[in-house]
Structures are given as C-alpha cells and as structure tokens.
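First comes the structure, then the notes that go with it.
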Amino acid sequence: MLKQGYIIYTDNNAILSTDGIKSSLIAGNASLEGGSYKNGAGSLAVFSGLKGFLQLSKREIIVVEFGNSCYRMIGRPMNMVSDITKPCPA
C-alpha cells in the first residue's frame with residue numbers, strides 16, 4: 001500500500017513508486033525493452049509500451065498499454081496485474 005507522500009511513475013515497461021529517495025517496483029520490468037504480455041504479481045507481470053496510468057484508489061491503479069492495445073489493472077497491496085478490456089493478447 002502506498003504511504004502518503006509517495007509518487008507513482010513509469011520507467012520503460014514498469015510501474016514504480018518513490019518517496020524521492022528510494023524507488024520500489026509495483027509491477028512490470030524496467031529493464032525489458034520490447035515488452036510483451038503477461039498478467040501476474042509484481043515483477044511477474046509484463047507490459048508493452050506503457051502510455052499512462054490512473055490511481056483510482058489506494059488499492060487500484062489502471063494502466064494504459066499502447067503495445068498490447070488494452071487497459072489493465074494493478075490490485076494493491078499484492079500488485080496483481082489483470083485485464084480490464086479485451087482483446088488483450090493471449
């Protein structure tokens with residue numbers, strides 16, 4: 001769960017949070033260049049071409065993906081990534 005004062009941001013194909021000093025992975029893999037598609041928790045999730053996100057609440061982040069042409073949700077605090085829209089690649 002995010003603490004007050006934390007900022008969420010994207011880095012390549014990852015969603016992270018920071019307090020301005022230390023960054024923590026929420027989901028994805030920042031070192032993965034091309035990206036692909038996979039649902040899962042934290043670093044097991046794979047994104048392709050992140051375009052943005054919206055934090056709906058302390059427990060939900062919506063992710064917009066250009067490469068996979070779909071919207072996905074990150075459920076907090078387990079950081080579980082799942083599809084919101086179809087078609088997402090299978």
Inset, instruction - Search segment 27-42 for residues being free of Cβ contacts under 8 Å to residues at least 24 places away in the same chain and hydrophobic (A, V, I, L, M, F, W, C), and hand back the single one that is farthest from Ile62 (Cα to Cα). - result: Leu32
Legend entry - Within segment 1-13, considering residues that are among the polar types (S, T, N, Q) and part of a loop (DSSP other than H, G, I, E, B), the one nearest to Thr85 (Cα to Cα): Asn12
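This table checks each residue for (1) surrounded by fewer than 13 Cβ atoms within 10 Å (Cβ to Cβ); (2) out of contact with any strand residue (DSSP E or B) (no Cβ under 9 Å at 6 or more places or on another chain).
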| residue | (1), (2) |
| --- | --- |
| Gly20 | yes, no |
| Asn29 | no, no |
| Asn39 | no, no |
| Gly42 | no, no |
| Ala45 | no, no |
| Ser57 | yes, yes |
| Gly67 | no, no |
| Met80 | no, no |
| Asp83 | no, no |
Inset, instruction - Output the residues belonging to segment 43-61 that are farther than 14 Å from Val81 by Cβ, touching a residue at least 40 places away in the same chain (Cβ under 8 Å) and assigned to a loop (DSSP other than H, G, I, E, B). - result: Lys58
Legend entry - Criterion (in contact with a helix residue (DSSP H, G or I) (Cβ under 9 Å, 6 or more places away or on another chain) and under 23 Å from Pro87 (Cα atoms)) met by exactly one of Asn29, Asn39: Asn29
Inset, instruction - State the number of residues belonging to segment 1-52 that are closer than 14 Å to Asn79 by Cα and modelled with pLDDT of 85 or more. - result: 21
Legend entry - segment 41-77, residues that are farther than 17 Å from Asn29 by Cβ and more than 12 Å from the chain's Cα centre (by Cα): Leu56, Ser57, Lys58, Arg59, Ser69, Cys70, Pro77
Inset, instruction - Please work out if Leu16 is surrounded by 13 or more Cβ atoms within 10 Å (Cβ to Cβ) and not in a strand (DSSP E or B). - result: no
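The values are calculated or read from the model by the stated rules, or taken from the named source; none is laboratory data. Being a predicted model, the structure only gives us computed values, none of them experimental. Cβ sites come from the backbone with ideal geometry, for glycine too, and all protein chains shown count toward neighbours.
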